Amino acid sequence: MTGYDLVVAARRVVAGGAIAPARVGVRDGVIRAVVPWEHELLGTETVTLPDEAVLLPGLVDTHVHVNEPGRTEWEGFATATAAAAAGGVTTVVDMPLNSVPPTVDPAALEVKREAAAGQVHVDVGFWGGAVPGNTGRLRALHAAGVVGVKCFLLDSGVPEFPPLDPAQLRAALTELSTVDGLLIAHCEDAAAIGPAPPGRDYRGFLASRPPQAETRAVAGLIAAARETGVRVHVVHVSAAEVLPLLRAAVADGVRITAETCPHYLTLAAEDVPAGATQFKCCPPVRDAVNRDALWAGLADGTLSCVVSDHSPCTPELKRFDTGDFAAAWGGISSLQLSLPVVWTAAVARGLSLVDIALWMAQRPAELVGLRSKGSIAPGFDADLVAFAPDQEFTVDPHALRHRNPVSPYAGRTLRGVVRDTWLRGERVGDAPRGRLLRRGD
């Protein structure tokens, strides 16, 4: 009689905040045992990883714009989740925009779930949206299983998802306080942003969105969170000037967390070539000194997690014909590359895969209340990744699983290759077998 459906053995397993030789026993898609290498586990299938591979928990990416339905030519559930699996991401949480309709009420959430059904290669959760006029539907969205709601504090870039003004933000938070909900916010202040000058010079675009745009918006969010007591989260922090505000707020008892993204941790404004609009995102990639400060914010816990903000579009919208930063769509595609991009930079800074698992699996899962995700431990879903941390490859955008071959990492040599991905104890293959998740799963 075999005890497990699957046993994965590796000389290096990231579990319990350490890296050690171990065997992982899986039954019915759930991790049932994690034991030292010396202990034998009997399984119907046993996989022993080669010495150059490390067993990681499947990553949890809580900031992904899938865009389906409505803008599926930008990305879609089939392509996004295939890219995720190829990059070691076993759970994604879809943003409420840029799909049409946006996920701002239970009916729109059901449209989104119907579009995703039968297409997903990894597990998928959903954010709801807070926009002017839908405050009365936020509790219903919460009850329908979204992990939280997202708002913009300035123009989102798509007309069907308008921003909240300060009064509307407080109204949304007050409504969410009745269900202890989570609100996440794109924090830039429109009053601090000037028009981006047309042209191929990245410096003009960068100057149009200064750090003050982020600090002013974060200060407003902190004030609203302090007043209402609601849990809030700042998405894609790019400006290091935000970090002291977050530290002070946490010390004062405000329930606030924040994330950053691979592009802010690895790219630098001074290295962006003229006309290279694949580097454009909002808020923008800033200079190398700022980048170093963001790493320090991760190290001291001010920034809790690293997520992709995968925000793709068609090549035409990037305006490669003119290289005009003012006219190009702002967003970076990185879902499949997040792990090697961050690991390449992290290992150069003396960091370990324990840090990667904390920032890119455990903490994102904790943020959104997915209790069975993000760790290699008994009781968690058997979402596992065989990762060769020392193997290198050169990024070819046409070889990625994203729908459109656009990447600021094209031609870069990255460290770390995903060898295999298991979702709930089964290898991810061509047949989609992901589940649609609800808060608390």
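Just so you know, all these numbers are worked out from the coordinates, no wet-lab data involved. Please read all numbers here as calculations on a predicted model, not as lab measurements. Note: ideal-geometry Cβ built from the backbone for every residue, glycine included; neighbour counts use all protein chains shown.
Key figures
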| item | result |
| --- | --- |
| Per-residue [θ]222 nm for the chain (sum of -39500 (n - 2.57) over DSSP H runs n ≥ 4, rounded to 500) | -7500 deg cm²/dmol |
| ALA190-ALA431 pseudo-label distance in nm [points 7 Å out on the Cα-to-Cβ vector] | 5.0 |
| Candidate lysines - alpha carbon under 20 Å from LYS280, same-chain residues fewer than 8 apart omitted | LYS318 |
| Compactness of the chain as Cα Rg over 2.2 N^0.38 Å, two decimals | 0.94 |
| Diffusion coefficient, µm² s⁻¹, Stokes-Einstein with Kirkwood Rh over alpha-carbon pairs of the stretch 162-312 at 4 °C and 1.567 mPa s | 81 |
| The chain, dipole about Cα centre (Lys/Arg Cβ +1, Asp/Glu Cβ -1), debye to the nearest 20 | 440 |
| Projected-area mean, the stretch 36-195, by convex hull of Cα positions, square nanometres | 13.9 |
| In nm, spacing of pseudo-spin labels at ARG247 and ARG412 (7 Å Cα→C-beta vector) | 2.7 |
| Debye intensity ratio I(q)/I(0), log10, the stretch 139-225, q values 0.11, 0.15, 0.16, 0.21 Å⁻¹ (C-alpha model) | -0.38, -0.63, -0.70, -1.01 |
| Distance between the stretch 23-37 and the stretch 140-155 - C-alpha centres, whole angstrom | 35 |
| VAL93 long-range amide H proximity, modeled H, under 5 Å | ASP61, THR62, HIS63, VAL64, GLY125 |
| The chain: most fluctuating residue of VAL54, VAL254, VAL35 per GNM, C-alpha cutoff 10 Å | VAL35 |
| Cα lying deepest toward the dipole's positive end in the chain, options ALA172, GLN362, ASN98, charges on Cβ | ALA172 |
| For the chain, built as a Gaussian network whose Cα springs stay under 10 Å, the top-fluctuating residue of ALA327, ALA382, ALA78 | ALA327 |
| Contact order relative to length of the chain, as percent, for alpha carbon pairs under 8 angstrom and 6 or more apart | 21 |
| Share, in percent, of DSSP beta bridges within the chain that are antiparallel, nearest 5 | 50 |
| Efficiency of FRET between ARG32 and HIS398 - r from beta-carbon atoms, R0 41 angstrom, step 0.05 | 0.50 |
| Pairwise FRET efficiency - HIS39 versus ARG203, Cβ, R0 = 60 Å, nearest 0.05 | 0.55 |
| Estimated dipole of the stretch 299-441 in Debye, rounded to 20 [Cβ of Lys and Arg +1, of Asp and Glu -1, Cα centre] | 360 |
| For ASP355, ASP300, ASP292, order by how many other beta-carbon atoms lie within 10 Å, fewest first | ASP300, ASP292, ASP355 |
| Length-normalised contact order for the stretch 186-260 - Cα pairs under 8 Å, 6+ apart - percent | 31 |
| Phi-based couplings in Hz for the stretch 221-235 (Karplus 6.51, -1.76, 1.60; Gly and Pro marked x) | 5, 4, 4, 5, 5, 4, 5, 9, x, 8, 6, 10, 9, 9, 7 |
| Residues ARG439, ARG23, ARG247, sorted so that the one with the fewest Cβ neighbours within 10 Å comes first | ARG247, ARG439, ARG23 |
| All-pairs Cα distance distribution in the stretch 12-93, expressed in whole percent, bin size 10 Å | 15, 36, 27, 17, 6, 0 |
| Helix 242-251 axis, angle to the chain major axis (alpha carbon atoms, nearest 10°) | 70 |
| Residue of PRO159, PRO389, PRO262 that the Gaussian network model of the chain assigns the largest fluctuation, springs spanning Cα pairs under 10 Å | PRO159 |
| Cβ-based exposure ranking for ASP271, ASP309, in which fewest neighbours within 10 Å come first | ASP271, ASP309 |
